[in-house]
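Colleague: Below are the structure tokens for one structure; questions will follow.
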Amino acid sequence: MIKRLALALYLSLLLLPLSDPAWANNNVAESTSNGVTAPVVLRESVSVDGKTVRIGDLFLNVGEKANVAIAYAPEPGSRAVFDARWLLKVARAYKLDWRPMGRHDNVVVQRNATLITREEIADQVAMALAEQGVDPDMTVEFSNRTLRMYVARNKAASIGVEDAEYEPRTKRFSAVIHAPAGDLSAKRVRVSGRLYKTMEIPVPARSVLAGEVISRQDIKWIRVRASRLHTDIIVDEVDLVGKSPRRGLKAGYPVRSSTVRRPVLVPKGSLVTMILRAPKMLLTAQGKALQDDADGDVIRITNLQSNKIVEAEVIAAGQVAVRQTTLIALNQQ
């Protein structure tokens, strides 16, 4: 009997941690506080701002070793891959409790940077060439169409231009650029290309349907190469504002003068009031337009009373002025 009681008491003590969650949690907390640390974990990818890569950039849970620099960071805007073999050497050298799961384990390190676009570089090169007397209306076109530069985030996103040269006969240029400007340690890059004469022209800022009247708000300005402009391309907004497209216009495309006209006030086939003014006399008759025309245009009209065709000038929407020489045609029944 006593042996059975002792056995039951022993079993109840064994089952106590499983039946009391609070006791179990306290037990885990104690084991953690007694020196059981979280395992060292490899990061999959990381972004850095500085010139060096530290242990803490690659591994989690490394304690005081996190700030130890172990490699140079890639160039701004670039990335580097640290493979399993190299990472294992680092872990052994710094006594980290980590081993790769396989040869495909790696960390991708990206260097944070600010992008300087080709257009920004072109502006700075153009300014440097303008100081040498080059026409400021010339536009820079680089031989390398994918040209771009990166600077570290803690550096100014500026471009320095050195040794700029220009050949007027061929319109070719060359220069040495670096970023940020004035940084003697910055990498120098030689660029080259050509200069082109450009001009600003008005183009539709949105798609314009046939028959719409173009307003100043419908226009934006773009810079285009002058040698590529046809002689009938509209270059002055006066020739575009207040006009109406004969057919739809695409946003951002140059407009030919033949594709726009004054707004149609008398559509083809519409009924119009024919007006003839003479001293002490005003005659009117109804006619039918034989063509589309705008204000000030001379239009052919069929006199519905005489069924004869006369010419008249469009003076308003649905109204035309007939010349006195057509008086007989107007009065004929």
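Derivation of every value follows stated rules applied to the coordinates shown; laboratory data play no part. Being a predicted model, the structure only gives us computed values, none of them experimental. Note that each Cβ is placed from the backbone with ideal geometry, even for glycine, and that neighbours are counted across all protein chains shown.
Colleague: How big is the gap, in Å, between the Cα center of the stretch 255-296 and the Cα center of the stretch 33-104?
Modeller: 82
Colleague: Loop-only GluC sites (Glu not before Pro) in the stretch 107-178, please: DSSP not H, G, I, E or B, and at most 15 other Cβ atoms within 10 Å.
Modeller: Working: sites: GLU119, GLU120, GLU131, GLU141, GLU162, GLU165; in loops: GLU131.
Here the GluC sites (Glu not before Pro) that fit, given the DSSP loop and packing criteria, are GLU131.
Colleague: Pulled fully out, how much extra length does the chain show between GLU237 and LEU147, if you take 0.36 nm times their separation in residues and subtract their Cα-Cα distance? Don't skip to the end; give the middle numbers.
Modeller: Working: separation 90, 0.36 × 90 = 32.40 nm, distance 3.42 nm.
In short, 29.0 nm is gained.
Colleague: Something else about it: Please list, in chain and number order, the residues 5+ apart from ARG261 or on another chain whose amide H is under 5 Å from its amide H, with Hs placed from the backbone.
Modeller: Residues meeting the criterion, in which the H sits 1.01 Å from N, are SER244, ARG246.
Colleague: Just to confirm the filter: which trypsin sites (Lys or Arg not before Pro) across the stretch 227-333 are DSSP coil and have at most 13 other Cβ within 10 angstrom of their Cβ?
Modeller: On the way: sites: ARG228, LYS243, ARG246, ARG247, LYS250, ARG256, ARG261, LYS268, ARG277, LYS280, LYS288, ARG300, LYS308, ARG323; in loops: LYS243, ARG246, ARG247, LYS250, LYS268, LYS280, LYS308, ARG323.
Passing both the DSSP loop test and the Cβ count: ARG247, LYS250, LYS268, LYS280, ARG323.
Colleague: Which three extents, in whole angstrom, do the alpha-carbon atoms of the stretch 204-261 cover along their principal axes, largest first?
Modeller: 31, 20, 19
Colleague: So what is the relative contact order for the chain, in percent, with contacts set as C-alpha pairs under 8 Å and at least six apart?
Modeller: On the way: 640 pairs, mean separation 28.0, N = 333.
Relative contact order for the chain comes out at 8 percent.
Colleague: For the chain, what is the mean residue ellipticity at 222 nm derived from helices alone (per DSSP H run of n ≥ 4: -39500 (n - 2.57); sum divided by total residues; nearest 500 deg cm²/dmol)? Intermediate results must be reported in sequence, preceding the final value.
Modeller: Working: 6 runs with 63 residues, N = 333.
About -5500 deg cm²/dmol.
Colleague: Let me ask something additional. The stretch 146-205: which trypsin sites (Lys or Arg not before Pro) are DSSP loop and have at most 16 other beta-carbon atoms within 10 angstrom? Can you show the working numbers first?
Modeller: Values: sites: ARG148, ARG153, LYS155, ARG169, LYS171, ARG172, LYS187, ARG188, ARG190, ARG194, LYS197; in loops: ARG148, ARG153, LYS155, ARG169, LYS171, LYS187, ARG188.
Those that pass, being in a loop and sparsely packed, are ARG148, ARG153, LYS155, ARG169, LYS171, LYS187, ARG188.
Colleague: Calculate the FRET efficiency for ARG169 and ARG223 from the Cβ-Cβ distance with a Förster distance of 22 Å, rounded to the nearest 0.05.
Modeller: Details: r = 24 Å, r/R0 = 1.09.
So the FRET efficiency works out to roughly 0.35.
Colleague: Work out how much length ARG323 to VAL81 would gain on full extension: take 0.36 nm times their residue separation and subtract the Cα-Cα distance, in nm to one decimal. Intermediate results must be reported in sequence, preceding the final value.
Modeller: Numbers: separation 242, 0.36 × 242 = 87.12 nm, distance 8.63 nm.
Fully extending the segment from ARG323 to VAL81 adds 78.5 nm.
Colleague: Taking the alpha-carbon set of the chain, what are its Rg and Dmax in Å?
Modeller: 41.0, 143
Colleague: List every residue whose amide H lies under 5 Å from the amide H of ARG43, counting only residues 5 or more places away in sequence or on a different chain, with H placed 1.01 Å from N in the peptide plane.
Modeller: Here PHE59, LEU60 satisfy the definition.
Colleague: Rounded to whole Hz and in sequence order, give me ³J(HN,Hα) for the stretch 189-199 from the Karplus expression 6.51 cos²θ - 1.76 cosθ + 1.60, θ = phi - 60°, writing x for Gly and Pro.
Modeller: 10, 8, 10, 8, x, 10, 10, 10, 6, 10, 8
Colleague: Hey, can you grab everything whose amide H is under 5 Å from the amide H of ILE159? Only 5+ residues off in sequence or another chain; H modelled, so Pro and N-termini drop out.
Modeller: Sorted by chain and number, the residues that satisfy this are ALA181.
Colleague: Can I ask one more? For the stretch 264-331, what are Rg and Dmax over the alpha carbons, in angstrom?
Modeller: My reading of the Cα-based Rg and Dmax gives 10.6, 32 Å.
Colleague: Which ³J(HN,Hα) values in Hz, rounded to whole numbers, follow from the phi angles of the stretch 304-313 under the Karplus curve 6.51 cos²θ - 1.76 cosθ + 1.60, where θ = phi - 60° and Gly and Pro get x?
Modeller: 5, 7, 9, 6, 9, 9, 10, 9, 8, 9
Colleague: In the stretch 41-111, if every C-alpha pair distance is counted and binned at 10 Å from zero, what percent goes to each bin?
Modeller: Calculated P(r), rounded to whole percents: 21, 58, 21, 0.
Colleague: Restricting to the chain, what percent of DSSP beta bridges are antiparallel, rounded to 5?
Modeller: Numbers: 64 of 71 bridges.
Of all bridge pairs located within the chain, approximately 90 percent are antiparallel.
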